[in-house]
Every structure is written in C-alpha cells, then in structure tokens.
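Some notes on the structure that comes next.
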Amino acid sequence: RRMRNLVKMSDLSKEEVYSLIQRALELKAGASPIQRPDLIAANLFFENSTRTKHSFEVAQMKLGLQVLNFEASTSSLNKGETLYDTCKTLEAIGCNMLVIRHSQEAYYQELEGLTIPIVSGGDGSGEHPSQCLLDLMTLYEHFGLIEGLEVVIAGDIKNSRVARSNYHMLTRLGAKVQFVGPQIFADPTLGQMVDFDQVIGQVDACMLLRVQFERHQEAVALSRADYHAHYGLTPARYQALKPQAIVMHPAPVNRDMEIASELVEAPQSRIFTQMTNGRFMRQAILEKLIADNAL
C-alpha cells in the first residue's frame, strides 16, 4: 500500500509499522541510507521544538536531502497568508516534501490540494506519528515484540498527542495500555485513570508525559512536589519496576516533576535512546515517502 502522507497513525497498517521499525533498526545498525541530493525538504514548525525539528533535519541530511527551514515569524503568514497558500508556494518553488508541526488539530485536512507528501511533526492535541513510531521502535528493540506488553502512560493524557497516537497503535498491536494522572488530565475516550502504585510493579514500560503548562490553566495550579509524589516516577516507584521494564519519556522533561532528576539516565531509562532512535525512524519514514511517492 502506498503511503501518500504520514499525518496520523491510522494511515499505517500493522505490517507497515513493523516494516518501518525493521528499516530503522537496520539504519541504526549501520545500513546505508538512500542518497537523494536532488530533493528539497521544507520544515515548517509553528510550535517550539528541539527533538522533532532537529531530528528530522539530521535525518534529511543523512539522506542527502537539501533542507529548507521555514521561519513563520518572518513569513507572509504575518500578512494574512493561509497555511494552504504557504504550502502551495513551497510546492511551486520546488520543495519535494514538507514536515509540519502546527497548533491546529488536524491542520492537514486543509492541505489536501497539495501534490507533495506531508509528514506531521504534531498537530495540536491530535497526534504525533513519528514520535509514536520511534517509541514503538524503542519497545521492539528492547523486547523483540510489542504484542502482550503492558504499558502505563502517566501524565497529561488529555492534552498529549503522544498518548493518543501511542494508545491507539499499541492497542492495535496487542499491547495493554493503562493511564495514570490527575483527573483534570483524564481523557475518558481513551480510558480511566488507575493507581500508579498498584500497576508499577506489573508493567513492561512506564511512559511518562510532560505536563503541558502552555495548553491549559489547570496545570499552573499544580504543585511540582505534589504532582511528583502522586503521579511522577519517584525513586521508590523506580525500585518497584520489574528488572526488564523500561522507562520512557518523549521529552522535554520537567525534572523532579514527571520523573526524579537522578532517574532520567538510570539503567532502565530509555529516554535518550528514544531520541537516538528518532533520527533513524525519521530516516525510515522519509525513505518510504520518497519511494511510495516516486520522488
């Protein structure tokens, strides 16, 4: 099946997910990426980003692509130009693919008139497909499978595109997903919150999420210490993990809130491994888009 764009995880079949994981692991093991110096990729990030933006840039450079970094603050968007017209302009001047992060949920629905492929770097509180894929890669790399794993996702479920993408795809792949966090962060469409201390000793992966202060007012009133005590990965909870369990976080990390600072690089943490895997997974995504769109 041809992958026209990658904007949500339902764009992918289970077979395609495992194929991308395998290719990303091959690239990490030293396989040579394709080289396409004739192609131009434009990165349009309308929200702040360190890992996703620069990870895509490095992936693009490793594939030999030329990289155009779009600056929203100095663009014609400030003159009233629509996102669609901005993207059509980049297409018209010769860009071959776009990577877009935007605060508007499902922004990509406005871009169906484009003839070049789009990769979403995140849409509002919607989805984050490349983060989901690198998380799946990290789980598969450690366990050799995904089906049957037990995962707890702790934190700001309601506002997290990572939680949404991961819940739906992990469930499709046969994993069990539970949620931890204050009720103000619950998303009943995904599932009910459970008690962290009751599940921490059973899970294979503890996936922590950033408290998104910028998305809602309720978080401003949260005490870091209280949040950490009830919903964070404390040293005591870390000690309760199974020996083979892993700790994950999409980052950026609010240290001593979502996770005790000394645990960020603890032996069972895979937080920086996720970042490394992100570059290889994004290379695999770009390779597939290039092949499937005959670029």
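The values are calculated or read from the model by the stated rules, or taken from the named source; none is laboratory data. Quick caveat: nothing in here was measured; it's all calculated off a predicted structure. In this analysis, Cβ positions are derived from the backbone assuming ideal geometry, glycine residues included, and neighbour counts consider all displayed protein chains. Side chains are part of the model used for accessible areas, which takes the heavy atoms of the whole protein and leaves out ligands, DNA and RNA. Shrake-Rupley method; radii C 1.70, N 1.55, O 1.52, S 1.80 Å.
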Taking square-rooted eigenvalues a ≥ b ≥ c of the alpha carbon gyration tensor, is the stretch 1-72 rounded, prolate or oblate, where a/c under 1.5 means rounded and, failing that, a/b exceeding b/c means prolate? oblate
The value for the stretch 117-189 (convex hull of the alpha-carbon atoms, volume per residue, Å³) is 94
Check: the stretch 52-123 dipole with +1 on Lys, Arg Cβ and -1 on Asp, Glu Cβ, in debye: 260
Before I look further, what does the stretch 92-172 give for accessible area per residue, probe 1.4 Å, in whole square angstrom? 30
Unit charges at the beta carbon, dipole of the chain: most positive-side option, Leu170, Leu39, Met97: Leu39
To test your reading of the geometry: what angle, between 0 and 90 degrees and rounded to tens, separates the Cα axis of helix 83-92 from the longest principal axis of the chain? 50
Computed for the chain: size of charge dipole around the Cα centre, +1 on C-beta of each Lys and Arg, -1 on C-beta of each Asp and Glu, debye to nearest 20, value 480
Just check the stretch 47-189 against the gyration tensor rule for me: Cα atoms, a ≥ b ≥ c as the square roots of the eigenvalues, rounded for a/c under 1.5, and otherwise prolate or oblate depending on whether a/b exceeds b/c. prolate
Which of rounded, prolate, oblate describes the stretch 115-159, given a ≥ b ≥ c as roots of the alpha-carbon gyration tensor eigenvalues and a/c under 1.5 marking rounded, otherwise prolate only if a/b is larger than b/c? oblate
What pairs from Lys158/Lys242; Lys242/Lys288; Lys14/Lys158; Lys53/Lys158 go past 31 Å between their alpha carbons? Lys242/Lys288
So how tilted is helix 271-292 from the main axis of the chain? Cα-based, degrees 0 to 90, rounded to 10. 30
For the stretch 223-295 and the stretch 155-173, what is the centre-to-centre distance using only Cα atoms, to the nearest Å? 14
Given the rule -39500 (n - 2.57) for each run of at least 4 DSSP H residues, summed and divided by the residues of the chain, what is its mean residue ellipticity at 222 nm, to the nearest 500 deg cm²/dmol? -11000 deg cm²/dmol
If you average the alpha carbon positions of the stretch 189-214 and of the stretch 22-89, how far apart do those two centres end up, in angstrom? 32
Only Lys, Arg (+1) and Asp, Glu (-1) charged, at Cβ; the stretch 1-141 dipole about Cα centre in debye: 360
Bin width 5 Å, origin at 0, all Cα-Cα pairs of the stretch 1-130: what percent of pairs per bin? 2, 9, 18, 23, 23, 14, 6, 3, 1, 0
